[in-house]
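The values are calculated or read from the model by the stated rules, or taken from the named source; none is laboratory data. Remember, it's a predicted structure, so these values are computed and weren't measured experimentally. Because the Cβ atoms are built from the backbone with ideal geometry, glycine has one as well, and the counts that use them run over all protein chains shown. Protein only, heavy atoms only, side chains kept; ligands, DNA and RNA dropped before computing areas. Shrake-Rupley method; radii C 1.70, N 1.55, O 1.52, S 1.80 Å.
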Amino acid sequence: MTAKSDDASPEQALVTLVTGARRGIGRVIALRLARCGPVTLNDIAEGKDELEGVAEEVRGIGGRALVAPGDVTEADQVAAVVKQSVEEFGRLDVLVNNAGITRDGLLVRMTEEQWRSVLEVNLTGAFLCSRSAAKVMLRQRSGCIINMASVVGLMGNAGQANYSASKAGLIGLTKSMARELAPRGITVNAIAPGFIASPMTDKLGEQARDKLSSLIPLGRLGTAEDVADAVAFLASDAASYITGQVLKVDGGMHM
Ligand code: NAP
């Protein structure tokens, strides 16, 4: 499948849509995949200026970028983002469901709003984006969906019942979509990062970060580049026989 090749030549370029791309891991994934072809950059509308900044960075390395703000929890906005992307670049090869939020709290104190908002963005958002993208990929008879899960979706985490449940759900969604879409040549995989240095983990204090590092066999927090390299692998031809899998990028934290 030439469209999955890691090669920026026009006939082989990979067209990618990354959600939550204005900062953190999503931004780095977008810059990494921009080396393989055009990227559509999505994030919530409030992040449009930062998205424009990422688009400039993509152009700075000789890539092509489209800025397409929209809330992944709103079906009509998601459909518009996918439509814009296909109109601009003619196809859609890779969807990276990266947008995610945390609203941490202990179970007995967790509000319904904390619970519902995290499930809504992390799980329903990925469902809506996948549903829209899959319609395009089914017609193409090729494509690749990569869901950003988390090791806490596999191991659980005190204070993150909502987040862990959303990421465990995302893994179930990944496996079901993988089975359903495989006959049309579409792969669906999840990446489960451990603790990655990013705005999300910057919220933790230095002491908490040091304690976490001591639990990681490789002895350090991961980087967004570690995650982006795994995404690039799953999006490439080298991973064309891999589907329904969860690739942990966690320094050996969960094994
Ligand atoms: P981040 O810096 O908070 O970036 C996530 C981006 O998604 C933000 O720009 C966020 O905007 C955006 N977003 C939130 N709700 C959205 C919506 N409804 N529609 C569109 N975009 C939305 O997080 P990150 O650390 O880079 O994490 C990226 C992904 O990796 C997430 O799915 C996260 O769960 C996962 N992950 C991260 C780690 C880690 O250690 N950092 C570990 C495991 C998994 P707002 O800022 O306005 O919310």
>> It is to be established whether one or more residues within the stretch 243-250 are of a type in the set (S, T, N, Q) and modelled with pLDDT under 95.
In response: no
> Scanning for something within 14 Å of the ligand (Cβ to nearest atom), touching a helix residue (DSSP H, G or I) at 6+ places or on another chain (Cβ under 7 Å) and within 21 Å of R179 (Cα to Cα), does the stretch 77-96 turn up at least one residue?
Replying inline: yes
>> Looking only at the stretch 72-96, filter to residues that are farther than 14 Å from L17 by Cα and open to solvent by less than 70 Å² (accessible area, probe 1.4 Å); which one of those is nearest to the chain's Cα centre (by Cα)?
In response: T73
>> For a quick check of your reading of the model, give me the residue pairs whose first member lies in the stretch 88-105 and is over 21 Å from I191 (Cα atoms), whose second is polar (S, T, N, Q) and in a loop (DSSP other than H, G, I, E, B), with beta-carbon atoms closer than 8 Å and at least 6 apart or on different chains.
In response: G105/T111
> How many residues are among the basic types (K, R) and over 19 Å from the mean Cα position of the chain (by Cα) if we restrict to the stretch 173-193?
Replying inline: 2
> Would you say T102 is touching a Ser or Thr at 6+ places or on another chain (Cβ under 8 Å), surrounded by 15 or more Cβ atoms within 10 Å (Cβ to Cβ) and of a type in the set (S, T, N, Q)?
Replying inline: no
> In the stretch 13-38, which residues are more than 15 Å from the ligand (Cβ to nearest atom), aliphatic (A, V, I, L, M) and touching a helix residue (DSSP H, G or I) at 6+ places or on another chain (Cβ under 7 Å)?
Replying inline: L14, V15, A34
> Here are some conditions: (1) open to solvent by 20 Å² or more (accessible area, probe 1.4 Å); (2) touching a residue at least 40 places away in the same chain (Cβ under 8 Å). R109 meets all but one. Which one does it not meet?
Replying inline: (2)
> Being among the β-branched types (V, I, T) and more than 22 Å from N42 (Cα to Cα), is that true of even one residue in the stretch 151-163?
Replying inline: yes
>> touching a residue at least 60 places away in the same chain (Cβ under 8 Å), open to solvent by 40 Å² or more (accessible area, probe 1.4 Å), away from the ligand (no atom under 15 Å from the Cβ) and not in a loop (DSSP other than H, G, I, E, B): is that true of R139 in this structure?
In response: no
